[in-house]
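The values are calculated or read from the model by the stated rules, or taken from the named source; none is laboratory data. Quick caveat: nothing in here was measured; it's all calculated off a predicted structure. Here Cβ is always computed from backbone atoms with ideal geometry, including for glycine, and neighbour counts include all displayed protein chains. Each accessible area value is taken on the protein alone, full model and side chains, heavy atoms only, with ligands, DNA and RNA left out. Shrake-Rupley method; radii C 1.70, N 1.55, O 1.52, S 1.80 Å.
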Amino acid sequence: MRLPRLSVDPLAALFAALALVLLIVFLVMLGSTQPRSNGTELPYTTVQRKAAAGEVRNAVQLDYDHRLLITDRAGAEAWTSFPATGGLQDQLLTQLDRKGASVVIDAQSGKQAKRLIVQVLLPILILASLFALFMRVSQQADAGGMGAFSRWAGRRSKLGPGSTGGPSFADVAGAPAAVAELQELCDLLRFPERYSALGARPPKGALLVGPPGTGKTLLARATAGEAHAAFFSVSGAEFVESLVGVGAARIRDLFAKARAAAPAIVFIDELDAVGRKRGAGVGQGNDEREQTLNQLLVEMDGFDAGRGLIVLAATNRPDILDPALLRPGRFDRQVTVDAPDADGRAQILSLYLKGRPCEADVTPAEIARRCPGFTGAELENVVNEAALLSARAGQAAIGVDDLDEAIQRVVGGPRNDTHVLGPDELETIAVHEAAHAVVAAAHGDGAQLHQLSIVSRGRRLGRATTLMLDRDRTVLRRSDLERQLAVTMAGAAAERIAFGEVSTAVNDDLHTATQLARSMVTSFGMSSLGPVTIGEHSAEVFLGASLQELGGVGPGTLERIDAETREIVEEAETRAAKTLSANWPVVQAIADDLVAHETLADVQLAGHLAAVRAAPNGSGPDHGGPADR
Ligand code: ADP
């Protein structure tokens, strides 16, 4: 944001000076219109008495002030107010006259006009000049002035036509599809004539869809950097004010500025804040949002894409966007920016590890496998945390241990050293975690266990299992899901075997298992309810938002969904219990080791798990495992 300019506008200065002069005149005149009074104030009756006694030498009657000024024979001055009754006043004057005092009557004819000026005319003139000053300032003001309220208040980066130095696509790793898509928009900004020669209608905007931290903002900035275009960025939330019309004015202003700076990219973060479906909800805020959205639609219709202006927007809720925004001619491109896969993660890690000293055994590909589901922002955070940790330890380079600890920190927060667990609690958690490991090892060859730990982190007391997949999987078979469920329920099953009851430590597992089982019933047709989906589905499963709305589903069906879900989870627990019983000595050994050492890494863990016997009912040829973060 630019600072307001300090140069003085002559007209504004004139108005300010006028207001000041008028104010001074007002104050001076106000003083002169005050009622005149000399000497002390006396009660009317005292003056009457003095008049009767002949003590008054002369008197002045002030008509307008309704006062009488007197000077007595000794020369002392005094004054009194006349009573409301005119008769008494006449009486006094006659009395004074009779006793030989000289009485002068001052009509104060100018005072009435003066008072009119001071009380009416001057205040109006002062207010008018202040108002003119205010209007002038708001007209002239840049971002810092009064008019800024209805102006676009976002950021404009220094990138401009022909400039370099901003981020480029080389700074974005692990998102090749998104980069390829945006590359095209870049070409459009740089060589518009190529497209117009062929009569192609260039896209006006692209919507970057993906969860937070996947690099949408970075991609938008990189697009601007590559295209040497000016970059205007704003967050959707900034448009929504409680004053109706402000958002729309800001949109107008933003587009006007961007058009003037073409080639330019307008980036609207959190588009869903303004672009939600219209006609939903009630209240003033909603009216405002609709106006803002309408203005956005109008602006997007109004510019010619060939003129070097492109609108990029980011959202993680494309399902709630107004359909009008998504129709061709507006955000007609959707670029999905999902959390990167293992290769992508390795590339992002390499990108951030590149400039930092690392120990020889740090391989990005290996580290990437230890953090499934991490977004670009989280990976950047991992590298940064690792650098901080190694700096704190006084090391010269980042080691694998630092990266491991950093991953754990990013997942669960720093070690919680203040909460000391009792021996009972430690034993419960150790058995619980050991069970997850054993069942995972017994049920699949795809799952690789890297580390097992009962260190308590953040809110979580001692839950820090890290189960890694050999590769990221997006298509899972029913048997894969069942295996995943068995691993999830293993903790509860083990607690029941070891202690005859479950503890509160199973809460998270139950939640995860129930959600998965419910999806199997309602989304994947994997139950006796048949191959149907129940409820409304949102396509963006990665969003992790509620997968379905069960609004229009009958109570009977809901009951069956619950029963099926329970059955699936119970079956999973039974399966886990069978596996655990067959391998109980291993569970016990791991649990003991965990209590003793808190954390078991690769080698020790592999040693224990080598003794695990494969699950009795076997597993399919294509094994998957849980990605337990
Ligand atoms: P979003 O806008 O999707 O929430 P950001 O673009 O703000 O995410 O990403 C935050 C930070 O994470 C970026 O500044 C960058 O440091 C890092 N980051 C995210 N994704 C990537 C990626 N694919 N490559 C490199 N860095 C990334």
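Qualifying chymotrypsin sites (Phe, Trp or Tyr not before Pro) in the range 314-377, where qualification requires a DSSP coil assignment and no more than 16 other C-beta atoms within 10 Å, are lacking entirely. Here the range 9-141 has 65 percent of its accessible surface on carbon and sulfur atoms, given a 1.4 Å probe and all protein chains in place. The alpha-carbon of K114 sits under 18 angstrom from the alpha-carbons of these aspartates and glutamates, leaving out residues fewer than 8 places away in its chain: D63, D65, D106.
Its Cα gyration tensor gives the range 9-141 an equivalent ellipsoid; the semi-axes, largest first and in whole Å, are 47, 13, 10.
Stretching the chain fully between A563 and S102 yields a gain of 154.6 nm (0.36 nm per residue, less the alpha carbon separation).
Each Cα pair under 8 Å and six or more residues apart adds its separation to the average, and for the range 9-141 the resulting relative contact order is 35 percent. The 1.4 Å probe gives accessible areas that order L218, L96, largest first, as L218, L96. For the range 351-412, relative contact order (Cα pairs under 8 Å, six or more residues apart, normalised by length) works out to 44 percent.
Can you pull a Stokes-Einstein diffusion coefficient for the range 181-232 at 37 °C (0.692 mPa s), Rh from Kirkwood over Cα pairs, as a whole number of µm²/s? It diffuses with D of about 274 µm²/s by this estimate.
Per residue, the convex hull spanned by the Cα atoms of the range 351-412 measures out at 75 cubic angstrom. When you filter the GluC sites (Glu not before Pro) in the range 359-410 for DSSP loop state and at most 16 other Cβ atoms inside 10 Å of their Cβ, you are left with E359.
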